[in-house]
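Right, one structure below, let's go through it.
The values are calculated or read from the model by the stated rules, or taken from the named source; none is laboratory data. All figures in this text were calculated on a predicted structure; none of them were measured in a lab. As a convention, Cβ positions derive from the backbone with ideal geometry for all residues, glycine included, and neighbour counts pool all protein chains shown. For the accessible areas, the whole protein counts, side chains as well, though only heavy atoms, and no ligand, DNA or RNA atoms are used. Shrake-Rupley method; radii C 1.70, N 1.55, O 1.52, S 1.80 Å.
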Amino acid sequence: MLLEHINGPEDLKRLTGKQAELLAQEIREFIIEKTSHTGGHLASNLGVVELTIALFRVLNLPEDKIIWDVGHQAYTHKILSGRKDDFDGLRQLGGISGFPKRGESPYDSFDTGHSSTSISAGLGMAQGRDIRGEDYTVVSVIGDGSLTGGMAYEALNNASHIKKNFIIILNDNNMSISKNVGGVSNYLNGLRTAAGYNRFKRVLEEKLRGIPLIGNGIAKRLKRTKDSIKGIVIPGMLFEDMGITYLGPVNGHDIRAVERALRDAKKLDHAVLIHVLTKKGKGYAPAEKAPEKFHGVEPFDIRTGKKLRPASGLTYTQVFSDKLISLAEKNKNIVAVTAAMPDGTGLSRFRDLYPERFFDVGIAEAHAVTSSAGMAAAGLRPVVAVYSSFLQRGFDQIVHDVCLQNLPVVFAVDRSGLVGSDGETHQGIFDLSYLGEIPNMTVMAPKNMWELEEMLEFAFKLNGPSAIRYPRGKAYTGLKEYQAPVEYGKGELLAEGEKIALLALGSMVSTAQHIREKLSAEGYSLTLANARFAKPVDLALVERLAASHGVIITLEENVERGGFGQIVTEYIHAHHPDVRTVNITLPDAYVEHGDVTALRKLLGIDSDSVIEKLRREGVIRPAHKEDRGTGETGKTER
């Protein structure tokens, strides 16, 4: 096999064109086989194999720089840069990341994980190169889906002014995670049809230059008029009009064609965009047929494409989806907004049932927030369904366009807390902090699936902005017997004990319940309370607990700074200085990739780790030998 002998770019450059094509096939088989065991981003990686090979053959890596937008298509890049033997640990705790990481390899020139950033980063890197008087090539690879993000156009606007070489590759597969939408997609459809014009231009120029004596002169005059011809034949010519040379479209699965375009682009002393057409999921039939389903995959059977461990029970996303549809049936003013993720956020069924009330804005979270503010101002009741880490991209708009005007926009914040294998850029561990600091915002977190339903219904009754944060994965079904009506700013007392009180929020209520059950076997009777609201905190409940307990333990799946526990601690220290508080939180740090269960243990927020912390800090007595090693109860802590 060729792949066994490839350890870096120089090995690639020695291959013949035919060998490079065979290598592409081997790499696809390798990616499919590895991700079938570890999970990962499959379809996007299968689509850029030839493109990556061409980049490695033409560029002088790692001196030259490749910046991958989002980064979920960098597996071939990692394989070819000496990391293929590490793929058994892909996205696993302690293993290699599924995204580019500067700390992982000198070939990874910029950390990525969110969309529409590569042109800005690449332009900045090229400007740094020029100011320092250095000489290397910078290539930013961006997908057509990422072009729906406004930041890409801010970068293109500035890229037109650079006076030295800067290469942008538009990897156009007509997809982001789901099928692309909007005017940008329509524009690129027009460019895709221009391949005939580009072939015609190349053949005509070659023929003209073959005419003795006068051919070169005619060809040069034709080249000077190419902008006019393009303006007639190709709609818009957005990139050329901005001062960025446009090359393409190029077949992204033809290694020689991509190499030729890259060599041409390197000769130019300004910004150039190469438009490369690829097929997401190429080489694996199930992914080609349904690329959106194979964007991010769990371990699967290669033969059938089906998950090896099918999910059992409803997820929080499904619970949200079902309840929203039920509410929308009764309230015609409810509309749903997503940023290119109708499947991931559970809005696909809503879209099918109420297409006129569904808005997919593409990868444009800031626009999603402000357009929802506009809809709310016009009398509608919008819900923005978005992953916690992606909502960060609309923070300014939440502050100024929603909360400043106290508009009734509901934020369904999915994937809050630890997300797992996608790592630092996707962990939803900051939302309690960044949402909780905004005036007029109400922030809730359900303890189980039924409370999520009640909170969503409650949110649509509020006359201001609200956010409901819930974790990824299976919805917790415990504590069903405790279903006090949701009241604004009110928590819920689940069980009364003495001396020690557990005050938990959202996903950590189940953890607190397990702590209580385990310590009851040691003779402790702990009070258990469900906070429900992170903003406003139920200070009346906190006062009640502080008045009758010596220790209050807060639990949340969020960083400590700015979190729920800090607010509780500040109140208790001010009003009950004799009461001790212990905050169970995530560290004020970025959290690496890995299985959520392993991460919870590593970070000390699973029930056994919390109990050990309480022992170390003298809150409870050290365990007797017979108490050690009891393990989890077998119940889901979510």
Among (1) buried (at least 24 other Cβ atoms within 10 Å of the Cβ); (2) without any contact (Cβ under 8 Å) to a residue 12 or more places away in the chain - the single one Arg532 does not satisfy: (2)
Members of segment 1-54 found to be touching a Lys or Arg at 6+ places or on another chain (Cβ under 6 Å), surrounded by 14 or more Cβ atoms within 10 Å (Cβ to Cβ) and more than 30 Å from Lys307 (Cα to Cα), listed by number: Leu12
Residue match in segment 29-49 (condition: touching a residue at least 40 places away in the same chain (Cβ under 8 Å), of a type in the set (D, E, K, R) and either in a loop (DSSP other than H, G, I, E, B) or closer than 19 Å to Val258 by Cβ (or both)): no
Subset of segment 473-495 (residues that are modelled with pLDDT of 95 or more, among the charged types (D, E, K, R) and part of a loop (DSSP other than H, G, I, E, B)): Glu487, Lys490
Filtered residues of segment 500-529 (kept if of a type in the set (S, T, N, Q), open to solvent by 10 Å² or more (accessible area, probe 1.4 Å) and touching a Leu at 6+ places or on another chain (Cβ under 8 Å)): Gln513, Ser520
Test: Ile553 is part of a strand (DSSP E or B), of a type outside the set (Gly, Ala, Ser) and in contact with a Ser or Thr (Cβ under 9 Å, 6 or more places away or on another chain): yes
Residues that are assigned to a helix (DSSP H, G or I) and either aromatic (Phe, Trp, Tyr) or open to solvent by less than 10 Å² (accessible area, probe 1.4 Å) (or both), drawn from segment 147-174: Leu147, Ala152, Tyr153, Ala155, Leu156, Ala159
Tabulated pairs, segment 305-325, first within 20 Å of Arg469 (Cβ to Cβ) and touching a residue at least 60 places away in the same chain (Cβ under 8 Å), second charged (D, E, K, R) and surrounded by 19 or more Cβ atoms within 10 Å (Cβ to Cβ), C-beta under 6 angstrom, 6+ apart or interchain: Thr317/Asp414; Lys323/Glu453
Selection count, segment 550-566, where residues are more than 13 Å from Ile515 (Cβ to Cβ) and either open to solvent by less than 20 Å² (accessible area, probe 1.4 Å) or out of contact with any strand residue (DSSP E or B) (no Cβ under 8 Å at 6 or more places or on another chain) (or both): 10
Which numbered condition Gly133 misses (of (1) modelled with pLDDT under 95; (2) small (Gly, Ala, Ser); (3) surrounded by fewer than 19 Cβ atoms within 10 Å (Cβ to Cβ); (4) farther than 16 Å from Gly362 by Cβ): (1)
Complete set of residues in segment 340-377 that are surrounded by fewer than 21 Cβ atoms within 10 Å (Cβ to Cβ), closer than 22 Å to Asp322 by Cβ and touching a residue at least 60 places away in the same chain (Cβ under 8 Å): Asp343
Residue in segment 60-76 that is assigned to a loop (DSSP other than H, G, I, E, B) and among the small types (Gly, Ala, Ser) present: yes
